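Take a look at the structure set out below.
A short reminder: the numbers here are calculations on the coordinates, not readings from a lab. From a predicted model like this one, the values you see are computed outputs, not experimental measurements. Because the Cβ atoms are built from the backbone with ideal geometry, glycine has one as well, and the counts that use them run over all protein chains shown.
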Amino acid sequence: MERRCFVGFDTSNYTTSVAVVNYEGEIIANLKAPLPVAPGARGLRQSDAVFAHVKNLPELCDELKEILSEYEPVAVGVSSRPRSVEGSYMPCFLSGEVAAHSFAAARALPIYEFSHQDGHVEAAYHSSGADLEGDFAAFHVSGGTTEILYVKRQDDGFSVELIGGTEDLNAGQSIDRAGVMMGMKFPCGAAMDRLADENRAKLPPIKISVKGLSCNLSGAENLASKLWQETQDTRIVSAFVFEYVAKTIKKLTDNLRELYPKIPVIYAGGVMSSNYIRLRLEEQGVYFARPELSADNAAGIALLCRKKHLNER
C-alpha cells in the first residue's frame, strides 16, 4: 500500500476541519467540528471563533493521529486567508495556521498556504465529476461569500478572477437571518432546506434584483419577515427564501452564459449543498460538489497541497 499522504487544515468562521488525501489524490479523511453558536445569535465574533477552533483542534488532531497510523504525511496545507487577494484576512484562520505549522515543524515537512475560497473551488471541482481541460466559472455561495469567479487551471492548482457577486448580503446570511427570526438554531441552512422541500403551499410572487453579474439579496430578509408575520409557517418561509436565492443564482448563471457562451459552471460553498436549490439549477454544463464537500472542509486544501507539492518535485 502507498503510505504517503497530504494533510490539510481549515478554520473558517463556521467549522474546524482537518483532512487527509493519499498520494493518488483520493480523500482518506474529511474531519469536521462545527463552531458552537448561542441560541438567537446570527454568527460568531472573530475572538469567539478563534477560541472555538482552539478547543476543537485537539480532538480533531487526536482523530488525525489514528488515521495517520497507517500513512506517512509528506506535506501540509492550510487556509491562511479568506480569498487570494491582497489584504484578505480573518483572525479565525490564525488558529489553523498555528496548528498546521506546528504539525509540519514537528515532522520537518513543507507547508503550503492557500485561501479558504481556493479550497472550496478545488473540493467542488474534485467531487463534481467534471472533466474540464480549459477555463471554467465557479460560484462560491456561502454565509460569508456570494461571488462569481473566472477560474484558470494551472499545474499546481488555479488562478481566480472575481467577475461578479452580491452587492449587499450573502446568500447564506439571508438564509440564516430568516432561520434565526423563526427561532431556529444557527446555522439554519440544513434545517431550512428540509423544510423547504416539505412545503406544498403556493409561494408569493418573487421579484429578484440582478443586474449583469451583480445581485442584491437583502430584499429576501425583509420579504421573509413579512411572510413569517402573516403565516407563522416555517415551511413556506424556508421555501420562499431558498426560491429567492435559487432564482437569483439562476439569473446570474444565465447572464454569465451570455458573456461566456458554453463555459462550464461549478457551484461551490455551503449554500450549494441545498437539495432545494440544486433541483432548480441542474442543467447541461453545470456541476455540483458532493454536499459534504460543498460545505466548509479541509479536503480542498489537502488536494491543493498535493498538487503544489507534486508540481514542485
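Annotations for the structure displayed:
- The angle separating the long axis of helix 171-181 from the principal Cα axis of greatest extent in the chain is about 60 degrees.
- Candidate values (i) 16.1; (ii) 19.2; (iii) 22.5 were compared with mean projected area of the Cα convex hull in nm² computed on the shown model; the agreeing label is (i).
- Measuring how big the range 51-128 is from its alpha-carbon positions, Rg and Dmax come out at 13.5, 39 Å.
- The range 240-297: GluC sites (Glu not before Pro) falling in loop per DSSP and having at most 14 other Cβ within 10 Å: Glu282, Glu283
- Filtered trypsin sites (Lys or Arg not before Pro), the range 235-281: DSSP coil and at most 10 other beta carbons within 10 Å: Lys262
- Karplus-derived HN-Hα couplings along the range 111-120 (A = 6.51, B = -1.76, C = 1.60, θ = phi - 60°), whole Hz, x at Gly and Pro: 10, 10, 9, 9, 8, 4, 5, 4, x, 4
- Rounded to the nearest 10 degrees, the angle from helix 234-259 to the longest Cα principal axis of the chain is 70 degrees.
- Cα gyration tensor shape for the range 1-141, rounded if a/c is under 1.5, else prolate or oblate: oblate
- Think of the chain as having a plus end and a minus end, set by charges on the Cβ of Lys, Arg, Asp and Glu; of Ala33, Val74, Ala99, Ala33 sits farthest toward the positive end of this dipole.
- Beta bridge orientation in the range 163-289: antiparallel %, DSSP, nearest 5: 40
- Amide H contacts of Thr16 (H built 1.01 Å from N, under 5 Å, at least 5 apart or other chain): Ala33, Leu35
- Within the chain, helix-based [θ] at 222 nm, where runs of 4 or more DSSP H residues each add -39,500 (n - 2.57), nearest 500: -14000 deg cm²/dmol
- Taking only the Cα atoms of the range 67-196, the ratio Rg/Rh comes out at 1.02, with Rh defined as the Kirkwood radius.
- Over all projection directions, the Cα-based convex hull of the range 163-289 averages an area of 7.4 nm².
- The amide H of Gly165, built 1.01 Å from its N in the peptide plane, has Ile148, Ser214, Cys215 as neighbours under 5 Å, considering only residues 5 or more places off or on other chains.
- Amide H partners (placed H, <5 Å) of Ile28, local residues excluded: Val20, Val21, Asn22
- Listed by Cβ neighbour count within 10 Å, with the fewest neighbours leading, Thr16, Thr248, Thr11, Thr253 appear as Thr253, Thr248, Thr16, Thr11.
- Spatially proximal lysines relative to Lys32 (Cα-Cα < 22 Å; intrachain offsets below 8 disregarded): Lys55, Lys65, Lys185
- Axis of helix 218-231 versus longest Cα principal axis of the chain: the two differ by about 60°, to the nearest ten degrees.
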